[in-house]
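Notes follow once the structure below has been shown.
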């Protein structure tokens, strides 16, 4: 008899894998993480996040938390619409937890009130928002949503930029957010079953981002079993197809990885 395949301990759904310009039609940065037997959570919520959830057939009302890697708009600007859905469609009553660098609460509140000025006042939000703001500094073993522990590693892109090493169900996933290649990125990847790392250009860019040529040259220094590239364009994907890198995947919108 054929053996039954075991369910993955952790499912990752790539809701958005593009950069700030949505080049080639890729969605903005958003990663759905679902540990087996636990409620899902997000890492980043760019402006296309809610639409991507609807296309993928996942329920935003199930979310337990959201992690933000830094406070640029292509990683945060979907938040007001996630709140709106929670309040008026999901009719959420249980708390929603938010993790991010210092300044996250103020930035997200400003975004929400700019879009819907009365959403956060007068009892319009029928559930508690709980904020855990994190110093941009190394920290280990922090308590996350149910069944999740995480580490924080500063990376080099924006003064608020942090990477997360997330542990759930015996699986370790690192998520870099935006960063240049730096010691923090190498530290973040060490020992990960999967490292989700940005890769904005084929060649080393002028700005604080990672390139495909840097991934190709520096992969052994990342120390992760597998690597998935996000914040990409089709130029990066085409260059990768011409010269694949063992153990590396260029993520596409809607792609699911099980670990």
*Just report the Cα centroid separation between the stretch 99-149 and the stretch 1-56, whole Å.*
20
*With springs connecting C-alpha atoms under 10 Å apart, model the chain as a Gaussian network and identify which of 67, 41, 127 has the largest mean-square fluctuation.*
127
_For the stretch 54-138: rounded, prolate or oblate by the Cα gyration tensor [a/c cutoff 1.5]_ = prolate
*Looking only at 78, 122, 247, which one moves most when the chain is put into a Gaussian network model with springs between Cα atoms under 10 Å?*
122
*May I ask for log10 I(q)/I(0) of the stretch 135-232 at q = 0.12, 0.20, 0.21 Å⁻¹, from a Debye sum over the Cα atoms as equal point scatterers with solvent left out?*
-0.34, -0.92, -1.00
*Relative exposure of 165, 216, judged by other C-beta atoms within 10 Å (fewest first)*: 216, 165
_Between 0 and 90 degrees, rounded to the nearest ten: what's the tilt of helix 212-222 against the longest Cα principal axis of the chain?_
90
*Quick one: plug the Kirkwood hydrodynamic radius of the chain (C-alpha pairs) into Stokes-Einstein at 20 °C, 1.002 mPa s, and report D in µm²/s.*
117
*Report, to the nearest 10°, how far helix 104-115 tilts away from the longest principal axis of the Cα atoms in the chain, using its own Cα long axis and a range of 0 to 90°.*
60
_the chain: calculated mean residue ellipticity at 222 nm from DSSP helix runs of at least 4, using -39500 (n - 2.57)_ = -6500 deg cm²/dmol
*How far is helix 79-88 tilted, in degrees, relative to the longest principal axis of the Cα atoms in the chain, given as a value from 0 to 90 rounded to the nearest 10?*
40
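Bear in mind these aren't lab numbers, they're just calculated from the coordinates by the rules spelled out. What you see is a predicted model, and the numbers here were worked out from it, not measured in a lab. Glycine gets a Cβ as well: all are built from the backbone with ideal geometry, and neighbour counts include every protein chain shown.
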